[in-house]
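This report refers to the structure that appears directly beneath it.
The values are calculated or read from the model by the stated rules, or taken from the named source; none is laboratory data. These numbers were taken from a predicted model, which means no experiment stands behind them. All Cβ positions, even for glycine, are placed from backbone atoms using ideal geometry, and neighbour counts span all protein chains on display. Ligands, DNA and RNA are stripped out before the accessible areas are found, and what is left, the full protein with its side chains, is counted by its heavy atoms. Shrake-Rupley method; radii C 1.70, N 1.55, O 1.52, S 1.80 Å.
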Amino acid sequence: MHLDAIDLRNFYARRIGLMVRRLLRPRFRAFWPDVEGLRVFGLGYASPYLAEFRTQALCTGALAPVRLGALPWPERAASHTALVDETELPLDDEAADRILLVHMLEWSEHPHALLREIWRVLAPNGRILVAVPNRRGLWARMDSTPFGYGSPFSRSQLTRLLKDAMFQPESWHYVLHLPPFNWRLLTRWPDFWERAGDLLLAWPFRGSSWWRPRSRSMRRAAREPVRRMRRRVIPVPAGAVTPRLTREQEDGLLAEEILRR
(Lines give C-alpha, C1' and ligand atoms only; values in the text may rest on other atoms or scores of the structure.)
Protein backbone atom coordinates (compact mmCIF):
# COMPACT_ATOMS: atom_id res chain seq x y z
CA MET A 1 0.00 0.00 0.00
CA HIS A 2 1.19 3.51 -0.80
CA LEU A 3 -0.06 7.08 -0.90
CA ASP A 4 -0.44 9.33 -3.92
CA ALA A 5 0.94 12.74 -4.82
CA ILE A 6 -1.99 14.61 -3.27
CA ASP A 7 -1.54 12.80 0.04
CA LEU A 8 2.16 13.70 0.03
CA ARG A 9 1.46 17.33 -0.83
CA ASN A 10 -0.98 17.54 2.05
CA PHE A 11 1.54 15.96 4.43
CA TYR A 12 4.27 18.47 3.53
CA ALA A 13 1.79 21.31 4.01
CA ARG A 14 1.17 20.25 7.62
CA ARG A 15 3.31 21.30 10.54
CA ILE A 16 5.06 17.94 10.84
CA GLY A 17 5.71 17.86 7.08
CA LEU A 18 7.26 21.32 7.16
CA MET A 19 9.47 20.10 10.00
CA VAL A 20 10.62 17.09 7.95
CA ARG A 21 11.39 19.33 4.99
CA ARG A 22 13.31 21.72 7.22
CA LEU A 23 15.48 18.90 8.55
CA LEU A 24 16.16 17.08 5.29
CA ARG A 25 16.77 19.96 2.90
CA PRO A 26 20.08 21.21 4.35
CA ARG A 27 21.39 17.66 4.73
CA PHE A 28 20.74 16.84 1.10
CA ARG A 29 22.34 20.12 0.10
CA ALA A 30 25.41 19.40 2.22
CA PHE A 31 26.12 16.29 0.16
CA TRP A 32 25.77 18.13 -3.14
CA PRO A 33 27.06 21.62 -2.33
CA ASP A 34 28.03 22.44 -5.91
CA VAL A 35 25.74 21.41 -8.78
CA GLU A 36 26.79 24.20 -11.14
CA GLY A 37 26.24 23.01 -14.71
CA LEU A 38 24.90 19.60 -13.62
CA ARG A 39 21.66 17.85 -14.52
CA VAL A 40 19.70 17.09 -11.34
CA PHE A 41 16.58 14.94 -11.21
CA GLY A 42 14.28 13.84 -8.41
CA LEU A 43 12.46 10.51 -8.60
CA GLY A 44 9.36 9.74 -6.55
CA TYR A 45 8.11 12.76 -4.63
CA ALA A 46 11.27 14.83 -4.45
CA SER A 47 9.91 18.26 -5.37
CA PRO A 48 10.02 19.59 -1.76
CA TYR A 49 13.80 19.16 -1.88
CA LEU A 50 14.66 20.01 -5.51
CA ALA A 51 14.26 23.76 -4.95
CA GLU A 52 17.67 23.72 -3.25
CA PHE A 53 19.32 22.90 -6.59
CA ARG A 54 17.06 24.61 -9.12
CA THR A 55 18.82 27.98 -9.31
CA GLN A 56 22.30 26.50 -9.68
CA ALA A 57 21.89 23.31 -11.72
CA LEU A 58 21.92 23.26 -15.50
CA CYS A 59 18.48 21.65 -15.42
CA THR A 60 16.21 20.07 -12.82
CA GLY A 61 13.32 17.68 -13.27
CA ALA A 62 10.82 15.94 -10.99
CA LEU A 63 10.07 12.44 -12.29
CA ALA A 64 6.89 11.00 -10.76
CA PRO A 65 5.94 7.32 -11.22
CA VAL A 66 2.52 6.56 -12.67
CA ARG A 67 1.33 4.78 -9.51
CA LEU A 68 2.11 7.88 -7.44
CA GLY A 69 0.80 10.53 -9.78
CA ALA A 70 2.26 13.93 -10.58
CA LEU A 71 1.64 17.51 -9.50
CA PRO A 72 3.03 20.60 -11.27
CA TRP A 73 6.36 21.83 -9.92
CA PRO A 74 7.35 24.59 -9.43
CA GLU A 75 3.97 26.14 -8.75
CA ARG A 76 4.62 29.64 -10.17
CA ALA A 77 6.71 28.77 -13.21
CA ALA A 78 6.84 26.40 -16.15
CA SER A 79 6.35 22.86 -14.86
CA HIS A 80 9.45 20.62 -14.60
CA THR A 81 7.40 17.54 -13.66
CA ALA A 82 6.97 14.44 -15.81
CA LEU A 83 4.86 11.33 -15.25
CA VAL A 84 7.06 8.30 -15.96
CA ASP A 85 7.29 4.53 -15.93
CA GLU A 86 9.81 3.80 -13.19
CA THR A 87 11.47 1.02 -15.19
CA GLU A 88 11.67 3.00 -18.45
CA LEU A 89 12.67 6.57 -17.66
CA PRO A 90 12.35 9.06 -20.55
CA LEU A 91 16.06 9.95 -20.39
CA ASP A 92 18.94 9.10 -22.67
CA ASP A 93 21.81 6.96 -21.47
CA GLU A 94 24.08 8.85 -19.03
CA ALA A 95 21.77 11.89 -19.14
CA ALA A 96 21.70 12.58 -15.37
CA ASP A 97 24.48 13.78 -13.08
CA ARG A 98 22.55 13.69 -9.80
CA ILE A 99 19.40 11.71 -8.90
CA LEU A 100 17.52 12.06 -5.61
CA LEU A 101 15.13 9.26 -4.60
CA VAL A 102 12.52 10.23 -2.00
CA HIS A 103 9.27 8.31 -1.35
CA MET A 104 10.21 5.99 -4.18
CA LEU A 105 12.29 2.90 -3.48
CA GLU A 106 10.19 1.64 -0.56
CA TRP A 107 7.01 1.91 -2.68
CA SER A 108 8.40 0.41 -5.87
CA GLU A 109 7.03 -2.93 -7.07
CA HIS A 110 10.27 -3.57 -8.96
CA PRO A 111 13.09 -2.03 -6.89
CA HIS A 112 15.90 -3.88 -8.67
CA ALA A 113 14.61 -2.94 -12.13
CA LEU A 114 14.21 0.65 -10.92
CA LEU A 115 17.83 0.83 -9.76
CA ARG A 116 19.08 -0.74 -12.97
CA GLU A 117 17.20 1.88 -14.96
CA ILE A 118 18.78 4.59 -12.82
CA TRP A 119 22.15 2.97 -13.52
CA ARG A 120 21.44 3.35 -17.24
CA VAL A 121 20.56 7.06 -17.17
CA LEU A 122 23.23 8.07 -14.65
CA ALA A 123 26.49 9.53 -15.92
CA PRO A 124 29.69 7.58 -15.13
CA ASN A 125 30.70 10.14 -12.48
CA GLY A 126 27.13 10.73 -11.30
CA ARG A 127 25.77 10.35 -7.80
CA ILE A 128 22.45 9.32 -6.29
CA LEU A 129 20.92 9.91 -2.88
CA VAL A 130 18.43 7.30 -1.68
CA ALA A 131 16.16 8.24 1.23
CA VAL A 132 14.24 5.29 2.70
CA PRO A 133 12.47 4.51 6.01
CA ASN A 134 14.57 2.73 8.60
CA ARG A 135 13.15 -0.74 9.29
CA ARG A 136 13.85 -0.48 13.02
CA GLY A 137 12.68 3.12 13.34
CA LEU A 138 9.46 4.31 14.92
CA TRP A 139 8.54 6.33 11.82
CA ALA A 140 8.25 3.12 9.77
CA ARG A 141 5.82 1.62 12.28
CA MET A 142 3.25 4.40 12.26
CA ASP A 143 1.08 5.26 9.25
CA SER A 144 0.50 8.86 10.34
CA THR A 145 3.34 9.91 7.98
CA PRO A 146 4.36 8.69 4.49
CA PHE A 147 7.35 6.89 6.03
CA GLY A 148 4.95 4.36 7.53
CA TYR A 149 3.92 3.00 4.12
CA GLY A 150 5.73 0.66 1.78
CA SER A 151 8.65 -1.62 2.63
CA PRO A 152 11.28 -0.12 4.96
CA PHE A 153 14.90 -1.21 4.68
CA SER A 154 17.60 -2.24 7.07
CA ARG A 155 21.18 -1.24 6.35
CA SER A 156 22.16 -4.70 5.13
CA GLN A 157 19.08 -5.06 2.92
CA LEU A 158 19.66 -1.77 1.13
CA THR A 159 23.38 -2.47 0.75
CA ARG A 160 22.64 -5.79 -0.92
CA LEU A 161 20.02 -4.27 -3.20
CA LEU A 162 22.34 -1.47 -4.33
CA LYS A 163 25.24 -3.81 -4.98
CA ASP A 164 23.02 -6.18 -6.96
CA ALA A 165 22.09 -3.21 -9.15
CA MET A 166 25.82 -2.48 -9.70
CA PHE A 167 26.06 0.50 -7.36
CA GLN A 168 28.77 0.91 -4.77
CA PRO A 169 27.43 2.43 -1.50
CA GLU A 170 29.65 5.30 -0.42
CA SER A 171 28.13 6.41 2.89
CA TRP A 172 24.95 6.19 4.94
CA HIS A 173 23.34 8.47 7.50
CA TYR A 174 20.36 8.50 9.84
CA VAL A 175 17.95 11.39 10.23
CA LEU A 176 14.62 12.16 11.97
CA HIS A 177 15.64 11.08 15.45
CA LEU A 178 12.62 12.73 17.04
CA PRO A 179 9.37 10.70 17.24
CA PRO A 180 6.73 11.15 14.50
CA PHE A 181 4.24 13.10 16.57
CA ASN A 182 2.66 16.38 15.57
CA TRP A 183 3.45 17.98 18.91
CA ARG A 184 4.18 21.69 19.01
CA LEU A 185 7.01 21.02 21.45
CA LEU A 186 8.75 18.92 18.76
CA THR A 187 7.85 20.83 15.62
CA ARG A 188 8.73 24.23 17.09
CA TRP A 189 12.38 23.30 17.80
CA PRO A 190 13.14 20.41 15.44
CA ASP A 191 16.83 21.28 15.11
CA PHE A 192 17.33 21.03 18.86
CA TRP A 193 15.67 17.60 19.07
CA GLU A 194 17.55 16.40 16.01
CA ARG A 195 20.91 17.38 17.51
CA ALA A 196 19.89 15.76 20.78
CA GLY A 197 19.07 12.58 18.90
CA ASP A 198 22.47 12.64 17.21
CA LEU A 199 24.18 12.91 20.60
CA LEU A 200 22.04 10.30 22.30
CA LEU A 201 22.06 7.92 19.33
CA ALA A 202 18.35 7.33 19.80
CA TRP A 203 18.13 4.52 17.26
CA PRO A 204 14.52 3.45 18.03
CA PHE A 205 13.23 6.80 16.75
CA ARG A 206 15.37 7.16 13.66
CA GLY A 207 12.76 7.48 10.99
CA SER A 208 14.77 7.64 7.81
CA SER A 209 18.17 6.79 6.49
CA TRP A 210 19.74 7.94 3.27
CA TRP A 211 22.53 6.45 1.27
CA ARG A 212 25.02 8.02 -1.04
CA PRO A 213 26.08 5.35 -3.54
CA ARG A 214 28.79 6.00 -6.05
CA SER A 215 27.64 6.07 -9.62
CA ARG A 216 28.22 2.82 -11.46
CA SER A 217 30.29 -0.12 -10.32
CA MET A 218 32.51 -1.35 -13.12
CA ARG A 219 31.80 -5.04 -12.82
CA ARG A 220 32.36 -7.49 -15.63
CA ALA A 221 29.93 -7.40 -18.51
CA ALA A 222 28.59 -10.85 -17.66
CA ARG A 223 26.71 -9.32 -14.73
CA GLU A 224 24.91 -6.88 -17.01
CA PRO A 225 21.33 -8.06 -17.69
CA VAL A 226 19.95 -8.04 -21.21
CA ARG A 227 18.14 -4.78 -21.88
CA ARG A 228 14.60 -4.84 -23.16
CA MET A 229 13.85 -3.82 -26.70
CA ARG A 230 12.17 -0.41 -26.84
CA ARG A 231 9.59 0.64 -29.36
CA ARG A 232 10.55 3.46 -31.70
CA VAL A 233 8.59 5.35 -34.32
CA ILE A 234 10.59 5.55 -37.57
CA PRO A 235 9.32 7.85 -40.34
CA VAL A 236 9.05 6.12 -43.75
CA PRO A 237 8.52 7.94 -47.10
CA ALA A 238 5.08 7.46 -48.66
CA GLY A 239 5.03 4.49 -51.01
CA ALA A 240 8.15 2.92 -49.57
CA VAL A 241 6.15 0.21 -47.82
CA THR A 242 3.13 -1.58 -49.23
CA PRO A 243 0.25 -1.22 -46.77
CA ARG A 244 -1.07 -4.45 -45.28
CA LEU A 245 -4.59 -5.35 -46.44
CA THR A 246 -7.35 -6.29 -44.07
CA ARG A 247 -9.15 -9.63 -44.38
CA GLU A 248 -12.20 -7.92 -45.92
CA GLN A 249 -10.03 -6.24 -48.56
CA GLU A 250 -8.31 -9.53 -49.37
CA ASP A 251 -11.71 -11.28 -49.73
CA GLY A 252 -12.92 -8.49 -52.04
CA LEU A 253 -9.88 -8.79 -54.29
CA LEU A 254 -10.28 -12.56 -54.40
CA ALA A 255 -13.95 -12.20 -55.42
CA GLU A 256 -13.02 -9.75 -58.21
CA GLU A 257 -10.39 -12.18 -59.48
CA ILE A 258 -12.94 -15.04 -59.59
CA LEU A 259 -15.43 -12.89 -61.52
CA ARG A 260 -12.81 -11.89 -64.07
CA ARG A 261 -12.10 -15.54 -64.71
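Summary of values
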item	result
Inter-label distance, nm, simple model (7 Å from Cα along the C-beta direction), residue 157/residue 14	2.3 nm
Phi to ³J(HN,Hα) by Karplus 6.51 cos²θ - 1.76 cosθ + 1.60 over the stretch 97-106, Hz, x for Gly, Pro	9, 9, 9, 10, 9, 9, 6, 9, 5, 6
For the stretch 12-67: span of alpha carbons on each principal axis (Å, largest first)	34, 29, 16
Accessible area (Å², 1.4 Å probe, nearest 10) - residue 164	80 Å²
Inter-label distance for residue 30 and residue 168, nm, one decimal - labels placed 7 Å from Cα along Cα-to-Cβ	2.5 nm
Residues of the stretch 1-84: accessible area per residue with a 1.4 Å probe, Å²	49 Å²
Accessible area of the stretch 1-120 belonging to carbon and sulfur atoms, whole % at 1.4 Å probe	51 percent
Karplus 3J(HN,Hα) series, Hz, for the stretch 148-156 with 6.51 cos²θ - 1.76 cosθ + 1.60 (x for Gly, Pro)	x, 10, x, 10, x, 10, 8, 4, 5
Local electrostatic count, residue 54, Cβ distance below 13 Å [Lys/Arg +1, Asp/Glu -1]	+2
Amide H contacts of residue 43 (H built 1.01 Å from N, under 5 Å, at least 5 apart or other chain)	63, 100, 101, 102
Projected area averaged over orientations for the stretch 103-168, convex hull of C-alpha atoms, nm²	4.4 nm²
